[in-house]
1. Please go through the range 146-173 and give me each residue that is within 18 Å of residue 192 (Cα to Cα), surrounded by fewer than 17 Cβ atoms within 10 Å (Cβ to Cβ) and touching a Leu at 6+ places or on another chain (Cβ under 9 Å), ordered by number.
2. In the range 100-156, what residues are among the charged types (D, E, K, R) and under 27 Å from residue 36 (Cβ atoms)?
3. Could you give every pair whose Cβ atoms fall below 6 Å, whose first residue belongs to the range 68-79 and is under 13 Å from residue 298 (Cβ atoms), and whose second residue is not in a helix (DSSP H, G or I), counting only separations of at least 6 or pairs across chains?
4. Can you tell which of 62, 12 is part of a loop (DSSP other than H, G, I, E, B), surrounded by fewer than 21 Cβ atoms within 10 Å (Cβ to Cβ) and of a type in the set (A, V, I, L, M, F, W, C)?
5. Being out of contact with any Asp or Glu (no Cβ under 6 Å at 6 or more places or on another chain), surrounded by fewer than 16 Cβ atoms within 10 Å (Cβ to Cβ), of a type in the set (A, V, I, L, M, F, W, C) and outside any loop (DSSP other than H, G, I, E, B) is the requirement here; does residue 186 meet it?
6. Which members of the range 102-124 meet the condition of being surrounded by fewer than 17 Cβ atoms within 10 Å (Cβ to Cβ) and outside any loop (DSSP other than H, G, I, E, B)?
7. Answer with yes or no whether residue 134 is assigned to a loop (DSSP other than H, G, I, E, B), surrounded by 21 or more Cβ atoms within 10 Å (Cβ to Cβ) and either modelled with pLDDT of 85 or more or in contact with a strand residue (DSSP E or B) (Cβ under 6 Å, 6 or more places away or on another chain) (or both).
8. Would you be able to tell me the number of residues in the range 18-27 that are touching a residue at least 60 places away in the same chain (Cβ under 8 Å) and either outside any helix (DSSP H, G or I) or out of contact with any helix residue (DSSP H, G or I) (no Cβ under 9 Å at 6 or more places or on another chain) (or both)?
Amino acid sequence: MTNRRNTQNSELVAANHAQNEAEMASGQVTMQSYPERLSFYWRSPCSLDCVMCGKHALGYPLDDEKQVLRLAEWAEEVFPHLGGLCLCPSGEPFESDVLLQIVAHAYANTRILVVSNGQRLAGQILDQVFEYRVDHLSISLNAARAETYQAITGAPFETLLTNLRELLRRRSGGDGRPHLDYSIVAMNRTAPELRDFVRLAADLGGERAIIRKLGVSIPVAACRRNIRFDPRVENVLTDESVGERLLDDLCAVGESAGIRVSADFGRAFTRPPYRYGLQTSHALDARPWKALELTSCGDTRFACGKPADLGNAWEFERLHDLWNGPKWVAARAATVARPAEPAA
C-alpha cells in the first residue's frame, strides 16, 4: 500500500480553495473546482454496545469493505486537491484496516479527521495514527465517570483513559497532532456530569468539547442488554431555550477550563465562523460547494443527516462529472435562491 502522506501538494490545495471560494462568491452552480472536503460513511463493526445507539440493530448489515475501497479508488482524481478527508463510519473505524487504506490515498496537506470511540487506540493502531499523520481525532467520550461510561457503553472507562494518556504522551514529542475533540450525548444519564465532562475533555488535551443531541432511533442495544431506555424520557433538550441555557452554562465552564464548547443543536451549530466546520467567509450554506459525502453504496449528499439523493457515484465515470451532475447543480441553485442567514 502506497502511503502518500509524505507527498506535498500545498499548491494544488490552495489553488482549489481559491477557485472554490470565487465560484461560491459569484453564485456559480457548475464547478471547475473540486470539493474541498470528502467524507466516507460506511457501516463497520463496533466494539461498544451503547444504550442510546440504534445503528447496530438486529439484522443491521455491515458493509462490504472492498466496496468502500473501490469508492476511494473511483474518487482518486480529487485526492490531490482535498483540504480535508473525513472518515465517519457507523461503528468503530479502527475495527478494520479499511480506514488506513483510505487515509493512504491522501496527500500531506490534506487534513484527516477520524471519529472513534478510542477503545482500540493502542499498540499498532496508535503507531499507525502517528505514522499516517492523522490530523484530528474526534473521540466519543460518552461520560465523565467510570460507572456512567460502563453503564452506557458496556466497556471499561480505564481502557479508554489509558489509551488517551499514551496518545498524549506520544503527541507531546511531536508536532501537536492529532488534535482532539471529545463528545458526549446530553441525556438524563449524563446530565449530572456534563460540567465534569467539559473539564475532563480539557484535562485530556481536547481543543473542543462537543455536546450532542440524543437521537430518536430505536435503542436496540439497550434492549439487547436488557436495559430500560426510552429516548423520549432520556431527552434533556426538551426545547430550544433549554438547550441554549445548558450551552451557555457549559461554555462558561469551558472558558474557565480553557476549552471551546460547541453543540450539534441550536445557535452553536450555525454560528460563524465555525459553520459546518468549513473554512469560508461567506454567509451562504457552503456545503453544496465544498463538501461531498459518499455512502458505501455510492449515494452522495453534502451533509450528514441530509438525504443521500444527489446522485450515485457508479452512475458517473468521474467524480467531477458527479460534482456537476444535475442534482448537485440544483442543490447549489436552491441555496443561492434562499436568503442568507444573518450573522450571529
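The values are calculated or read from the model by the stated rules, or taken from the named source; none is laboratory data. Owing to the predicted nature of the structure, the values given are computational and were not obtained by experimental measurement. Every residue, glycine as well, gets a Cβ built from its backbone with ideal geometry; the counts of neighbours run over all protein chains shown.
1. 146
2. Listed by number, the residues that qualify are 111, 131, 133, 135.
3. From the range 68-79, the pairs are 68/42; 68/296; 71/294; 72/105.
4. On the way: 12 fails: part of a loop (DSSP other than H, G, I, E, B).
Being part of a loop (DSSP other than H, G, I, E, B), surrounded by fewer than 21 Cβ atoms within 10 Å (Cβ to Cβ) and of a type in the set (A, V, I, L, M, F, W, C) holds for just one of 62, 12, which is 62.
5. Judged against the criteria, residue 186 is not a match.
6. 123, 124
7. Working: assigned to a loop (DSSP other than H, G, I, E, B): yes; surrounded by 21 or more Cβ atoms within 10 Å (Cβ to Cβ): yes; either modelled with pLDDT of 85 or more or in contact with a strand residue (DSSP E or B) (Cβ under 6 Å, 6 or more places away or on another chain) (or both): yes.
Yes; evaluated as a whole, the condition is true for this residue.
8. First pass over the range 18-27, keeping only residues touching a residue at least 60 places away in the same chain (Cβ under 8 Å): 20-21, 23-25, 27.
Cutting the leftovers down to either outside any helix (DSSP H, G or I) or out of contact with any helix residue (DSSP H, G or I) (no Cβ under 9 Å at 6 or more places or on another chain) (or both) gives us 25, 27.
Looking only at that region, the number is 2.
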